[in-house]
Structures are given as C-alpha cells and as structure tokens.
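The values are calculated or read from the model by the stated rules, or taken from the named source; none is laboratory data. Bear in mind that the values here come from a model prediction, so they are computed numbers and not experimental data. Just so you know, the surface numbers come from the protein's heavy atoms only, side chains and all, with ligands and any DNA or RNA stripped out. Shrake-Rupley method; radii C 1.70, N 1.55, O 1.52, S 1.80 Å.
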Amino acid sequence: MIATVSLSGTAYAAPTGEARPWGSNDYGQGQGNVPPAALGASAVSAGALSHLALKDGGVIAWGNNNYGQTTVPAAATSGVTEIAAGWAHELALKNGGVIAWGNGFYGQNVVPAAATSGVTAISTSAYFNLALKSNGSVLSWGSRTAVPATVSSGVTAISAGGDHGLALKNGGVVAWGSNGKGQITVPAAATSGVSAISAGFRHSIALKNGGVIAWGDNGAGQGTVPPEAQSGVVAIDAGFNHNVALKSDGSVFAWGSNVKQESRDTSSEPPTDFWKFSGVCAPVYAVSAGDSTGVALVDPNAPYFC
C-alpha cells in the first residue's frame, strides 16, 4: 500500500521473483489470484483492494477493479521504475513523472503539474499521495494537500498514511496531518539515526539500527514492537493496522491486526505466523503491507509452506 521495501535496503533494486500475497482475499487480491505474467517481477506493492507488481518496467495489477484500478494505462506498461498501491487507486513513476489511475474521490488520480517531472519517489495510502522531488521537497495531493515548511528541502524519503504524512530528513522523522492517535507525535528515539519510515492508517513506524520504533494507534497491537522486530530488520512497511518487517536472513515478520490472518496469531501456543502458510518463505526479496493484506516478492524456488 504505502511502500515496497527490499532486502538490499534500496526500493525496487531486489532480484526478480514471485509475488506471493497473504491475508485478505476479499477482492481477489490474495493467494491464487496473482497473474502468471507477474512471475519475474522486481517489485510489489500491496493496496487495500488490489496489488501491484513491476516487471520489466511494466505495471501488473490484480484484484478489485470497481474504480479501474487494475486497468493499467498504456503509459504505465513500460519504462516504470517505482509503484505504489493505495485504496482503489494506483501510482507509477516514469521518467521522473507520476502516473495515477483508479479511484478519484478526492482527486488523488489527477497528477498536479509539479509532479509530472523531477520526481524521485512516490507514496500513497488511503486517499492522498506524496511525491519527493529531486530538490528534496515534498508534494501532496488528494484528500490532503498541505505539507509543512520543514519538508520543502532536505527530505530523503516519504510515506503517506491514512491522513498523515512522514518524511525523513537528516536522519530524523518529520510528521504532519491528523494526530487523533498520536501518529505524528514523533518519539525522541526517531529524531535521529533513522534509516526508513512508513505510515500506517493511524500509526507510524521507523527503522533505526536494525530495530523498529512504533508510535500512534495501538488498538490492534501495531504500536507494540515485538522482540522479533527489535533487531536484524533491514526494511519495514506499515499497513492499515499491521506492520511487516524484512529481516536480514530474508525472513518476514508481521504484527498488529489479524482480522484476515495478516499477522501473527498470539491466541495459540506456539503462535501462528499465517504468512508462512502462503509461501512467504525465505529468501524474501521485498515485502509490502496493505489493508489486512500483504504481498511479498519471494524466490520462486522457496517452498510454499514454511
């Protein structure tokens, strides 16, 4: 949904692999519905109703298409370098310009002129998008358009949440927008030394020295970092109400909401890691979290049960 992360620590630089989703399959975005054409993808992004894969510069989409979100426009079938799936709308980055399609309740599928060139990174979530420009400034459009003056320069990473945004600047997290659950109240630990960020629906996470920092909504346990995510983590992504972490050994760990078996089930002993029943087995190259769902880019030779 928000971002795709890779084992190398650089988005979209992962080896090619097989897209393996887990969690919700309510909209045909889950296990058993990945198009065969997605085999050999280099990146994945989990949305709310649909998922994306990037293969040879072309976008592949599957899942619900009520808003045209899985009907990939011709412009996004080649030359694309980055993808981001939102709630029934999609983004692609091509030659420094953003392409958007699908749901447009808040104009999130209408790319502003400033985002048609000079863009180096994109992020989306529910109903708004962020773009990072080559000069280190941030653009926002859709349901949230304002950004603070602090993100007009020097920004190196971005993440769009439900109704809040995150930026990484000089190793510290900058947050703005809705704060009903404390999701933009950045803890002291996240003001320096941070290497990655991700915004969920009403919570936020950051990666620092191989451990995850979380704040904001904790109604489903998404704000309580488990021991498995406190060391050895190389990449992170926050879904709507759960989080995923990619470990240095190529394994995945997920925690938070488990309404669609998207996270660890702690009601059993030993706990059940449902993603392992969907073939999200090491080595995993990249992982992305959506709304009660996730999708990983996995070595095609990895087992389907781990």
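With the convex hull of the Cα atoms taken as the outline of the stretch 170-245, the averaged projected area works out to 4.3 nm². Structural size metrics of the stretch 10-104, computed from C-alpha coordinates, are Rg and Dmax of 12.0, 34 Å.
With an 8 Å cut-off on Cα pairs and a minimum separation of 6 or more residues, tell me the relative contact order of the chain in percent. All intermediate terms of the calculation are to be shown ahead of the outcome.
Values: 1006 pairs, mean separation 55.2, N = 306.
Once divided by the residue count of the chain, the mean separation gives 18 percent.
Against the empirical 2.2 N^0.38 Å (N residues), the stretch 75-149 has a Cα radius of gyration ratio of 0.98.
If N is the number of residues in the stretch 218-299, what value comes out of its Cα radius of gyration divided by 2.2 N^0.38 Å?
On the way: Rg = 11.4 Å, N = 82, 2.2 N^0.38 = 11.7 Å.
It is 0.97.
In the frame of its principal axes, the stretch 132-290 has Cα extents of 49, 30, 28 Å, reported largest first. Per residue, the solvent-accessible area of the chain (1.4 Å probe, heavy atoms of protein chains only, all protein chains present) comes to 35 Å².
Contour minus end-to-end for residue 188 and residue 149, with contour as 0.36 nm per residue of separation and end-to-end as the Cα-Cα distance? Walk me through the intermediate numbers first.
Values: separation 39, 0.36 × 39 = 14.04 nm, distance 2.06 nm.
Roughly 12.0 nm would be gained on extension.
For residue 260, the lysines whose Cα comes closer than 19 Å to its Cα, not counting residues fewer than 8 places off in the same chain, are 276. Rolling a 1.4 Å probe over the protein heavy atoms of the chain, with every protein chain left in place, gives an accessible area that is 52 percent carbon and sulfur. Based on the reciprocal of the average 1/r between different C-alpha atoms, the Kirkwood radius for the stretch 206-257 equals 10.6 Å.
Within a straight-line Cα-Cα reach of under 15 Å, residue 208 can be paired with the following aspartates and glutamates, leaving aside sequence neighbours fewer than 8 residues apart in one chain: 228, 237. Phi-derived couplings, Karplus 6.51 cos²θ - 1.76 cosθ + 1.60 at θ = phi - 60°, listed residue by residue for the stretch 205-211: 9, 9, 10, 9, 6, x, x Hz, with x used for Gly and Pro.
Just the Kirkwood number for the chain, please: inverse of mean 1/r across all distinct Cα pairs, in Å, one decimal. Please list the in-between numbers first.
Values: mean 1/r = 0.0544 Å⁻¹.
Taking the inverse mean of 1/r over all distinct Cα pairs, the chain comes out at 18.4 Å.
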